[in-house]
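Accompanying notes for the structure given below.
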Amino acid sequence: MAQGVVVGILGLGTVGSGVIRILTGHQQELQHQTGCPISAKKILVRDKTKPRDLNIENLTLTENAEDILHDSEIDVIIEVMGGIEESHHYILQSLRSGKHVVTANKDVMALHGTELLREAEENGCYLLYEASVAGGIPVIRGITEGLASDRISQMMGIVNGTTNYILTKMAQEERDYEEVLAEAQELGFAESDPTSDVEGLDAARKIAILARLGFSMNVELADVEVKGITNVTTEDMEYCEQLGYTLKLIGLAKRTDERVELTVQPMLLPNDHPLASVQDEYNAVYVHGEAVGETMFYGPGAGSLPTATAIVSDLVAVVKNIRLGTGGNSNSRPLHSKALQANEEVESKYFIRLHVKDQTGTFDDLSSLFKEEDVGFDKLLQWPLEDENDPKSEVVIVTHLTNRAAYERIYKELENMDVVLDVKSSYRVEGGQVS
Ligand SMILES: NC(=O)c1ccc[n+]([C@@H]2O[C@H](COP(=O)([O-])OP(=O)(O)OC[C@H]3O[C@@H](n4cnc5c(N)ncnc54)[C@H](OP(=O)(O)O)[C@@H]3O)[C@@H](O)[C@H]2O)c1
């Protein structure tokens, strides 16, 4: 410790470069906070000969992970290489050899977090992962420390910048999904293969991590119901605007009567909900605690320096703890066993857009179906559609609160009803009443 804390870094891409910049640029502040110098020693890369836009004169680049994992001078490993199998293996190996780990890897933490945190605890090491959810926003620390005394009842997050960028542009500029996606790819906000983002999988990983922490429950990625944004249309956006809603891809983790619901899907929020004003590639996590009430964490969900800030802040926490002589992650075992809500227990309002035959009796048939399931209409719009030979109208319904099982029965019936020509779209409506 006399020479300070020595760090090995796995990966020198977008985030790894940011980590080096902050470690060198903020060294005085870091020393002041931790009481000792922190220095990076070796960095794992795929290709040592690749030109780097960074001063790495005093660092050793290696293509062999063992050079870092077996270096006894290295106290802390920062894993910013991404991927799953290799990084999982390296994190495990680091913890087993007594090295603390800081990672930005949501894939590994969502899939193997429980095992890795137990390993950290058993080896007296720290495993911190602030950057794995919402990049530069200190939401994990907010939940685990800031709200440690509360019981969290709900977390709602815009935790994927790519999809928030696409939905923001679709709403503001009335452009369709494919066009905005192509623009996002050009601007570097979306990957060339955007599947993980637009299908909601990236957000699901983050929600699994948050739910495990916030509810202290051993939920898994497979417990998150996932639906992406690929079917969202400009028509849906227009109706949202008319009705006073904003459409967002929301990761929702909700606890009711000790049972939880985890889902990622496009949802309608009233325009005055705090998450409705989160624009472009920004992220935010809205947390409701039984005692504190509403809180919201907002900021950049990705990017080199924002993400690196979260990583180096984790590093500072590790170094402070090393100096205090405390023994690694504790209470990694969840307090509660997994208890998921059944369909009948999940309560929500729903938006549904239909094309129906424009004829006498259509509305009676629709009303009867909803009445049978005891589901009332909160809002209703009807619009004639231009078609001389085949008169039809577009109907938009927002229901009152109902349970999901009842809504699913209604939805299934609508698809088979004679007066219904097409069920165009359907979304959950969350976040209270439109004012
Ligand atoms: N980018 C963000 O804004 C952001 C935000 C939050 C979390 N994260 C997470 O942070 C991690 C890193 O993301 P990134 O954007 O920095 O990735 P990146 O730019 O692709 O960089 C990856 C780095 O790791 C190295 N690497 C990858 N696989 C390797 C292997 N098998 N062996 C040796 N070196 C390997 C690469 O080496 P070369 O340089 O030689 O190719 C590169 O330096 C990911 O888990 C990501 O999900 C990223």
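Selection of the stretch 63-77 for residues being surrounded by 14 or more Cβ atoms within 10 Å (Cβ to Cβ) and more than 9 Å from the ligand (Cβ to nearest atom) yields ASP67, ILE68, LEU69, ASP71, ILE74, ASP75, VAL76, ILE77.
Exactly one residue among ALA182, ALA148, ALA171, ALA190 is more than 29 Å from LYS254 (Cα to Cα), of a type in the set (A, V, I, L, M) and surrounded by fewer than 23 Cβ atoms within 10 Å (Cβ to Cβ), and that residue is ALA182.
Of the residues making up the stretch 2-13, those that are at negative phi, more than 16 Å from the ligand (Cβ to nearest atom) and outside any strand (DSSP E or B) are ALA2, GLN3. Contact map, the stretch 32-56: residues that are over 20 Å from LEU315 (Cβ atoms) paired with residues that are surrounded by 10 or more Cβ atoms within 10 Å (Cβ to Cβ), Cβ distance under 7 Å, separation 6+ or inter-chain. Pairs shown: ARG46/GLU63; LYS48/LEU61; LYS48/GLU63; ARG52/LEU12.
Taking each residue of the stretch 216-240 that is in a loop (DSSP other than H, G, I, E, B) and looking for partners that are acidic (Asp, Glu) with beta-carbon atoms closer than 8 Å, six or more apart or interchain, yields GLY228/GLU199; THR230/GLU199; THR233/ASP176.
For VAL226, indicate whether it is surrounded by 22 or more Cβ atoms within 10 Å (Cβ to Cβ) and in contact with a helix residue (DSSP H, G or I) (Cβ under 6 Å, 6 or more places away or on another chain).
On the way: surrounded by 22 or more Cβ atoms within 10 Å (Cβ to Cβ): no; in contact with a helix residue (DSSP H, G or I) (Cβ under 6 Å, 6 or more places away or on another chain): yes.
No.
Residues in the stretch 298-340 that are closer than 15 Å to VAL139 by Cβ and not hydrophobic (A, V, I, L, M, F, W, C): 9 in all. Note on the stretch 14-48: residues that are touching a Lys or Arg at 6+ places or on another chain (Cβ under 9 Å) and either within 16 Å of the ligand (Cβ to nearest atom) or part of a helix (DSSP H, G or I) (or both) amount to 4. Restricting attention to the stretch 382-422, the residues that are of a type in the set (Phe, Trp, Tyr) and in contact (Cβ under 8 Å) with a residue 24 or more places away in the chain add up to 2. With respect to the conditions (1) away from the ligand (no atom under 11 Å from the Cβ); (2) modelled with pLDDT of 95 or more; (3) in contact with a Ser or Thr (Cβ under 9 Å, 6 or more places away or on another chain), VAL80 falls short on a single one, namely (1).
Is it the case that the stretch 258-271 has a residue that's assigned to a helix (DSSP H, G or I) and of a type outside the set (D, E, K, R)? No; the residues of the stretch 258-271 include none that is assigned to a helix (DSSP H, G or I) and of a type outside the set (D, E, K, R). Count of the stretch 83-112 residues, restricted to those that are among the β-branched types (Val, Ile, Thr) and more than 10 Å from the ligand (Cβ to nearest atom), is 3. Scanning the stretch 241-255 for residues that are in contact with a Leu (Cβ under 9 Å, 6 or more places away or on another chain) and either assigned to a helix (DSSP H, G or I) or among the basic types (Lys, Arg) (or both) returns GLN242, LEU243, LYS248, LYS254.
The values are calculated or read from the model by the stated rules, or taken from the named source; none is laboratory data. This is a predicted model, so every value here is computed, not measured. Methodologically, a virtual Cβ is constructed for each residue, glycine included, from the backbone with ideal geometry; neighbour enumeration extends over all protein chains shown.
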